[in-house]
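Peer 1: Just passing along the structure, written as structure tokens.
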Amino acid sequence: MPPVLIMKKISLFLFGISALLAGCQPKADTFAGRMSVAETPQAFRYRPGLPPRVSAHRGGGNYPGYPENAVESFAYLVGQTPTIIECDIDLTRDSVLVLLHDKTLDRTTTGTGPLIAKSWAECQQYFLEDNFGTATTYRIPTLEQALRWGKDKCLFTLDVKRGVPFPKVVDMIHRTDAADYAAVITYNAPDAGTVYRLDPQLMISVSIRGQEDYERLRAAGVPDQNMLAFVGTTEPDPALYQFLHTKGIACILGVFGNLDKQAEARGDEQYRTFVQAGADILATDRPLEAAQAIR
């Protein structure tokens, strides 16, 4: 064989080996080929100058005719103002992920007894009640229904109730392609680390009431870019806001409860003082009033 042909064959062989090896290399900082760690959902990240936002605690409930954890209530709120929907995730007897805050059906539905004792089919016999005890025509939704409804409409923070496996919730986020608009709520560093390992691109709502909480989260392997900080239900030291903002971490202040009552008694302009102090998101039972005040 002429030397020129031999050299061409060797070159083609080496090129083929190089291409094969390149194809076998794992893509750095990717998960399921979706996005890099640097591309975690920007909608939840802190950015200077970003307008403050409201998050509807339990997805509403304090407005007559609109129960908490109901897709119809989400639609009512989102139809009036940009709203982050915080909702509660629990399991039926046959392991269907549904939206319900309490362990029992009694307070928020026309049913009675523990949710875990009911199948999904049984749950569909009941109607949701608003916080005033009035039954509506709305039924308990599944997490899947809520996430599919919410695409291009709102952001979600998902409160995973005790006993609900994080892998099951994360799997539903993947199945509904909701990772860009849904964050998972956790209450301690080990749980936050678990969610991060399940999907390094998910945003995680984490409890940070001081720098020591932040350090525990970092020790658990959770990067800054995945954190959405819940700073508590009382106003923190403004230095905590400043510290977290330097890390690019947005801060949620839980005003539901005493701070909502304070604003209702003293005037809704009180909500403005919370954001002026550094809160980026107000988690509230009065989302329409709070949104109007900080707009």
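The values are calculated or read from the model by the stated rules, or taken from the named source; none is laboratory data. These numbers were taken from a predicted model, which means no experiment stands behind them. Methodologically, a virtual Cβ is constructed for each residue, glycine included, from the backbone with ideal geometry; neighbour enumeration extends over all protein chains shown. Accessible surface areas use protein heavy atoms only, side chains included; no ligands, DNA or RNA. Shrake-Rupley method; radii C 1.70, N 1.55, O 1.52, S 1.80 Å.
Peer 1: Determine the order of H174, H245 by accessible area, beginning with the largest, at a probe radius of 1.4 Å.
Peer 2: Per-residue accessible area, sorted high to low, gives H174, H245.
Peer 1: Taking the Cα atoms only, what angle lies between the long axis of helix 189-198 and the longest principal axis of the chain, rounded to 10 degrees?
Peer 2: With rounding to tens, the tilt is 50 degrees.
Peer 1: Count charges around D171 for me, please; just the other residues with Cβ under 11 Å from its Cβ, Lys/Arg as +1, Asp/Glu as -1.
Peer 2: Here the count lands on 0.
Peer 1: Quote the relative contact order of the chain in percent (integer), defining contacts as alpha-carbon pairs under 8 Å separated by 6+ residues. Write down the numbers at each step before the final one.
Peer 2: Working: 554 pairs, mean separation 55.9, N = 295.
After rounding, I find 19 percent.
Peer 1: OK, next. Find the lysine pairs in the chain meeting two conditions, Cα atoms under 22 Å apart and a separation of 8 or more places or different chains, and report how many there are.
Peer 2: 6
Peer 1: Calculated from DSSP H runs of 4 or more alone, at -39500 (n - 2.57) each and per residue, what is the 222 nm mean residue ellipticity of the chain, nearest 500?
Peer 2: Per the formula, -10500 deg cm²/dmol.
Peer 1: While we're on this one: Could you tell me whether region 144-295 comes out rounded, prolate or oblate from its Cα gyration tensor? Rule is a ≥ b ≥ c as square roots of the eigenvalues, rounded for a/c under 1.5, then prolate if a/b exceeds b/c, otherwise oblate.
Peer 2: Values: a/c = 2.10, a/b = 1.33, b/c = 1.58.
Because a/c hits 1.5 or more and a/b fails to exceed b/c, region 144-295 counts as oblate.
Peer 1: Let me ask you something else. What is the magnitude of the charge dipole of region 95-143 about its Cα centre, with +1 placed on the Cβ of each Lys and Arg, -1 on the Cβ of each Asp and Glu, and no other charges, expressed in debye to the nearest 20?
Peer 2: Here the size comes out at about 120 debye.
Peer 1: Work through the residues other than P48 whose Cβ is under 14 Å from its Cβ and net out their charges, Lys, Arg +1 and Asp, Glu -1.
Peer 2: +2
Peer 1: Count charges around E122 for me, please; just the other residues with Cβ under 11 Å from its Cβ, Lys/Arg as +1, Asp/Glu as -1.
Peer 2: Within the 11 Å Cβ shell, the charges total +1.
Peer 1: For I116 and Y187, what is the calculated FRET efficiency with R₀ set at 22 Å and r taken between the beta-carbons, to the nearest 0.05?
Peer 2: Rounded to the nearest 0.05, the efficiency is 0.60.
Peer 1: To continue, here is another question. Can you tell me the orientation of helix 3-24 relative to the chain, as the angle in degrees between its alpha-carbon axis and the longest Cα principal axis, to the nearest 10?
Peer 2: That helix lies at roughly 20 degrees to the long axis.
Peer 1: Could you state, as a whole-number percent, how many of the C-alpha pairs of the chain are farther apart than 38 Å?
Peer 2: Across the chain, Cα pairs with separations above 38 Å total 20 percent.
Peer 1: Might you report the magnitude of the Cβ-based charge dipole of the chain about its Cα centre, with Lys and Arg at +1 and Asp and Glu at -1, to the nearest 20 debye?
Peer 2: Dipole about the Cα centre, nearest 20: 1060 debye.
Peer 1: Given a 1.4 Å probe and the protein chains all in place, what does the accessible area of C154 round to, in Å² to the nearest 10?
Peer 2: Per-residue accessible area (C154): approximately 10 Å².
Peer 1: Still on this model: Would you work out which of H57, T108, P190 lies farthest towards the positive end of the dipole of the chain? Charges go on Cβ: Lys and Arg +1, Asp and Glu -1.
Peer 2: Towards the positive end, the residue furthest out is P190.
Peer 1: Additional query: With only alpha-carbon atoms counted, please give the Rg and Dmax of region 79-167, in Å.
Peer 2: So, for region 79-167, Rg and Dmax equal 13.2, 37 Å respectively.
Peer 1: Within the chain, what percent of beta bridges assigned by DSSP are antiparallel, to the nearest 5?
Peer 2: 25
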